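Enquirer: This is the structure, below, for whatever I ask next.
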Amino acid sequence: MTEDTHPQYSTKGMPFRRLGTSGLRVPLFSLGGWLTIGGTVVGDPVKDIIKMAFENGINMFDNAEDYSKGKSEKEMGRVIKELNLRRTDLVVSTKIFWGPRDGPNDKGLSRKHIIEGTQECLERLQMTYVDVIFAHRCDITVPMEEIVRAFNYVIEKGWAFYWGTSEWSAHQIEEAHHIATKLNLIAPIAEQCQHSMFHRERPEKEYAPLYKKYGLGTTAFSALNFGILTGKYNDGIPPDSRFAKEDMFEGMANEDKIRKVRELTKIAEALGSTPTALALAWVAKHPTTSTVILGVSSAAQLRENLRALEVLPKMTEAVMQQIEEVLGNQPVPEDNHGRPMLDKLGRL
Ligand SMILES: NC(=O)c1ccc[n+]([C@@H]2O[C@H](COP(=O)([O-])OP(=O)(O)OC[C@H]3O[C@@H](n4cnc5c(N)ncnc54)[C@H](OP(=O)(O)O)[C@@H]3O)[C@@H](O)[C@H]2O)c1
């Protein structure tokens, strides 16, 4: 590789991957704001978290218009400004679907809401553009052509450089690609999907043909299964934890998962690591993962989670196999979606 064809760059020890087939380089671990930034964490602790992230090579920050009803974007934008971080050094993503208000056009993926929602995100973030804008879910009440055209308009206006999907079915992603190709428009470059040791079907089975066909990359979320994979729920629900504060997690830390977390802890300890770092590194290990979005409620949690980078090189095939034996949930990837894949010459 020569410098004139492959520019070198400094990474502060963080591996970088391309986001799908795009030229955008994203850090293997990024940071998100759901429930935490602007929610359970406000003020100076947010600054501590973002400062530590940036100093450790995490330059990608993820948000959404609905996170803490817009407060997450505001808090993230404020801190990025106060830390005087250079915008070109950052990759910022946000998501449109659940607008923070309740009017008939304040949510979903109509052209109106995609455009107005994006403008409001930028105001809250105090930025003139985001790098990637995601459709937070697929709005089945809006024609796909309207959705694809509206995200392309946002890109043409310079309010985002790329667009992606989040928790869309493989079929919906394919439809967006077909329309974009037919109309010579930009297709989504990435999927923001849930992926963890306990949640594997969609990223490892349903999307398998899309990785081959479109080079889809994922920005994986809830890699700790909301915290369960840290082991913090092994002996009940700690009062200051997410599960103690939010009803939506009721019953999730069940006996089967806790038993597996205890087994995974033994594997992690044998590698001189923690179950948290192991679980994060396990998602990062998948070649189709472009970035694993971390969620933390303190700088101390972030420090521990960054240990995933230390255990990653120790995750040999034998270790991965040991983990599979504990999990017992490996999906069989789909080959195609009903039709065989043809190569470029039309051969089976
Ligand atoms: N596109 C989507 O639909 C979608 C959905 C969900 C998330 N996301 C994105 O993905 C990001 C991460 O998701 P997530 O927050 O669910 O991820 P997660 O990593 O599964 O859970 C994060 C939570 O686990 C606990 N935790 C993390 N590290 C810990 C440690 N070292 N020790 C003890 N506890 C620890 C903390 O909860 P406590 O409060 O208990 O401390 C933290 O808030 C979000 O911020 C968001 O950007 C996207």
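Enquirer: List the lysines whose alpha-carbon lies under 18 Å from that of Lys266, not counting same-chain residues fewer than 8 positions away?
Expert: Leaving aside lysines fewer than 8 places away in the same chain, those within reach of Lys266 are Lys232, Lys257, Lys314.
Enquirer: So, in Å, what gap is there between the alpha-carbon centers of segment 21-75 and segment 104-157?
Expert: About 20 Å separates the Cα centre of segment 21-75 from the one of segment 104-157.
Enquirer: Just grab the label-to-label distance for Asp48 and His337, each label 7 Å out from Cα along the Cβ direction, in nm (one decimal).
Expert: With each label placed 7 Å out from Cα toward Cβ, I get 4.5 nm.
Enquirer: At 0.36 nm per residue, and after removing the present C-alpha to C-alpha distance, how many nm does the segment from Gln330 to Arg87 gain when stretched out fully?
Expert: Values: separation 243, 0.36 × 243 = 87.48 nm, distance 4.01 nm.
Residue separation times 0.36 nm, minus the Cα-Cα distance, leaves 83.5 nm.
Enquirer: Using amide H atoms built 1.01 Å from N in the peptide plane, name the residues 5+ places from Val91, or on other chains, whose amide H lies under 5 Å from its own.
Expert: Met60, Phe61
Enquirer: Something else now. Would you mind putting 319-330, 144-155 in packing order, based on average other-beta-carbon counts within 10 Å, highest first? Please list the in-between numbers first.
Expert: Working: 319-330: 13.6, 144-155: 19.9.
My ranking of the peptides, most packed first, is 144-155, 319-330.
Enquirer: Starting from the Cα of Lys107, draw a straight line to each of the lysines and keep only those under 18 Å, dropping any in the same chain fewer than 8 residues away.
Expert: Within the straight-line cut-off, Lys107 pairs with Lys69, Lys71, Lys95.
Enquirer: If you don't mind, there's one more thing I want to ask. Among residues other than Pro143 whose Cβ falls under 13 Å from its Cβ, what is the net charge (Lys/Arg +1, Asp/Glu -1)?
Expert: Values: positive: Arg111, Arg149; negative: Asp139, Glu145, Glu146, Glu175.
Its environment carries a net charge of -2.
Enquirer: Report the local net charge at Pro287: Lys and Arg +1, Asp and Glu -1, summed over other residues whose C-beta lies under 13 Å from its C-beta. Mind dumping the intermediate values first?
Expert: Values: positive: Arg17, Arg18, Lys212, Lys285; negative: Glu204.
Combined, the nearby Lys, Arg, Asp and Glu give +3.
Enquirer: For Gly33, which sequence-distant residues (separation of 5 or more, or a different chain) have an amide H within less than 5 Å of its own amide H, given hydrogens modelled in the peptide plane?
Expert: Asp62
Enquirer: How far apart, in nm, are two points set 7 Å out from the Cα along the Cα-to-Cβ line at Arg101 and at Lys69?
Expert: Simple spin-label model gives 1.3 nm for this pair.
Enquirer: So who's got an amide H within less than 5 Å of the one on Phe134, skipping anything under 5 residues away but keeping other chains? H placed 1.01 Å off N, in plane.
Expert: Here Thr94, Lys95, Ile96, Gly164 satisfy the definition.
Enquirer: What list of ³J(HN,Hα) values in whole Hz, one per residue of segment 4-16 in order, does the Karplus curve 6.51 cos²θ - 1.76 cosθ + 1.60 (θ = phi - 60°) give from phi, with Gly and Pro shown as x?
Expert: Using θ = phi - 60°, the values come out as 6, 10, 10, x, 8, 8, 9, 10, 6, x, 8, x, 10 Hz.
Values in this text are rule-based calculations from the coordinates and carry no lab data. Everything numeric in this text was worked out from a predicted model, so none of it was measured. Using ideal geometry, Cβ is built from the backbone for each residue, glycine included, and neighbour counts are taken over all protein chains shown.
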